[in-house]
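As C-alpha cells, the structure follows; a few thoughts come after it.
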Amino acid sequence: MALLHTVNKSPFEKNALESCIRLALKGSSILLMEDGVYGAVKGTAKSSLVAGAKGKIAVYVLGPDLDARGVSKDKLIDGVKVVDYGGFVDLVAQHSATQAWL
Amino acid sequence: MKFGILVNEGPYTHQASDSAYQFTKAALAKGHTIDRVFFYHDGVNNGTRFTTPPTDDRNLVNLWGGLAKEHNIDMVVCVAAAQRRGICDADEAKRHGKDGNNLADGFRISGLGQLIELGIQADRLVVFGD
C-alpha cells in the first residue's frame, strides 16, 4: 500500500511540498493542510508543483484549513480533492503509513 | 484501527496542536481507537496547567485533558523535553528541588520508550508539528 504524505507549510515559505512531490512514489497521496493549502491554489508561482503531479500522485486538501484562510474551492487546481477531518482520518487508514513533511 | 498521535509543537505556536486535536476527535468519532498521544519537543507545552488564554479563546490544554478523560487516552509528556522547558509533576519537582509543579490533569510524564511502544502497537502513527 502507498504512503500518505502530509505537507503543512506554504510552498512560498518552505520547500517541503517541492521535495515531497519530487520524492513521492507514483500511486502515493499528498494531503495539504494548515499553510500547506496554499500549494493547492491555481494561478500562483507555485501552482505547477501540484499541477505537475497529476496522474502520478493524488492530491487532497483539508477543507477547514482552506476556509480558515478564506480560500474558496473554485480557486483550487483541477483534480485536487477537498476533505474534512473525517476524510483525513480515512486517508490515514487507507494508506500503509503517514509521512509528515515537517 | 489503532492510531497513535505525536505532537511536536506547543499550543498557540502555529497550528499543529489544533490540527492534532481535531484529527484525534474525528478519529474517535469514526470509531477508531487512540491509545496514546505523545508530546515531544515544544509539544510538552501542551501539558502545563498554568496556560491561561483569554476567555474567548480555546484552551488547548483543557481540551486535550478533557478528551483524554472522556476517551481514556494516555497522554504522555516526554520527560527530557519537559525538564528543559520547565514542565514538571509533583515527583519531578521534588526530585529537582523546584518550588512548584505545573503538569495539567490528564497528562503524565514519561520517557521516549512510550513513543517507541506507541509506534509498535499502533496501526498508524500520525505526526503533527512545525
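The values are calculated or read from the model by the stated rules, or taken from the named source; none is laboratory data. Quick caveat: nothing in here was measured; it's all calculated off a predicted structure. Quick reminder, even Gly has a Cβ in these numbers, built from the backbone with ideal geometry, and neighbours come from all protein chains shown.
The residues of segment B:1-18 that are within 13 Å of residue A:34 (Cα to Cα), out of contact with any helix residue (DSSP H, G or I) (no Cβ under 6 Å at 6 or more places or on another chain) and either of a type in the set (Phe, Trp, Tyr) or part of a helix (DSSP H, G or I) (or both), listed by number, are B:16, B:18. Scan segment A:67-89 for residues that are within 8 Å of chain B (Cβ to nearest Cβ) and either more than 15 Å from the chain's Cα centre (by Cα) or assigned to a strand (DSSP E or B) (or both) and jot them down. Within segment A:67-89, just A:86 meets the criteria.
Close contacts from segment B:59-84, counting a first residue that is closer than 18 Å to residue B:2 by Cα and a second that is among the basic types (Lys, Arg) and assigned to a helix (DSSP H, G or I), with Cβ to Cβ under 8 Å and a gap of 6+ residues or different chains, come to B:67/B:25.
Of all the numbered requirements in (1) surrounded by fewer than 22 Cβ atoms within 10 Å (Cβ to Cβ); (2) closer than 25 Å to residue B:100 by Cα, residue B:56 misses one, and that requirement is (2). Residue B:47 meets the conditions (1) within 24 Å of residue A:97 (Cα to Cα); (2) under 11 Å from the mean Cα position of the chain (by Cα); (3) more than 14 Å from every other protein chain (Cβ to nearest Cβ); (4) in contact (Cβ under 8 Å) with a residue 40 or more places away in the chain in every case but one. The failed one is (1). If you check B:84, B:49 for being loosely packed, with under 15 Cβ neighbours inside 10 Å and either in contact with a strand residue (DSSP E or B) (Cβ under 7 Å, 6 or more places away or on another chain) or among the charged types (D, E, K, R) (or both), only one passes: B:84. For segment A:39-64, a residue qualifies if it is at pLDDT 95 or above, over 14 Å from residue A:91 (Cβ atoms) and either within 14 Å of chain B (Cβ to nearest Cβ) or more than 12 Å from the chain's Cα centre (by Cα) (or both), and the qualifying residues are A:42, A:43, A:44, A:45, A:46, A:48, A:52, A:56, A:64. Residue-level analysis places residue B:57 among those that are part of a loop (DSSP other than H, G, I, E, B) and not hydrophobic (A, V, I, L, M, F, W, C).
If you filter segment B:81-129 down to residues that are within 14 Å of another protein chain (Cβ to nearest Cβ) and over 15 Å from the mean Cα position of the chain (by Cα), you find that the one that is nearest to residue A:88 (Cα to Cα) is B:124. Of all residues in segment A:12-28, exactly one satisfies the criterion of being within 14 Å of chain B (Cβ to nearest Cβ) and either surrounded by fewer than 16 Cβ atoms within 10 Å (Cβ to Cβ) or in a strand (DSSP E or B) (or both), namely A:13.
Scanning segment A:39-66 for residues that are out of contact with any helix residue (DSSP H, G or I) (no Cβ under 9 Å at 6 or more places or on another chain) and assigned to a helix (DSSP H, G or I) yields a count of 2. Answer yes or no: is there a residue in segment B:17-32 that is surrounded by fewer than 16 Cβ atoms within 10 Å (Cβ to Cβ), closer than 25 Å to residue A:89 by Cβ and either more than 11 Å from chain A (Cβ to nearest Cβ) or among the basic types (Lys, Arg) (or both). Among the residues of segment B:17-32, at least one is surrounded by fewer than 16 Cβ atoms within 10 Å (Cβ to Cβ), closer than 25 Å to residue A:89 by Cβ and either more than 11 Å from chain A (Cβ to nearest Cβ) or among the basic types (Lys, Arg) (or both), which makes the answer yes.
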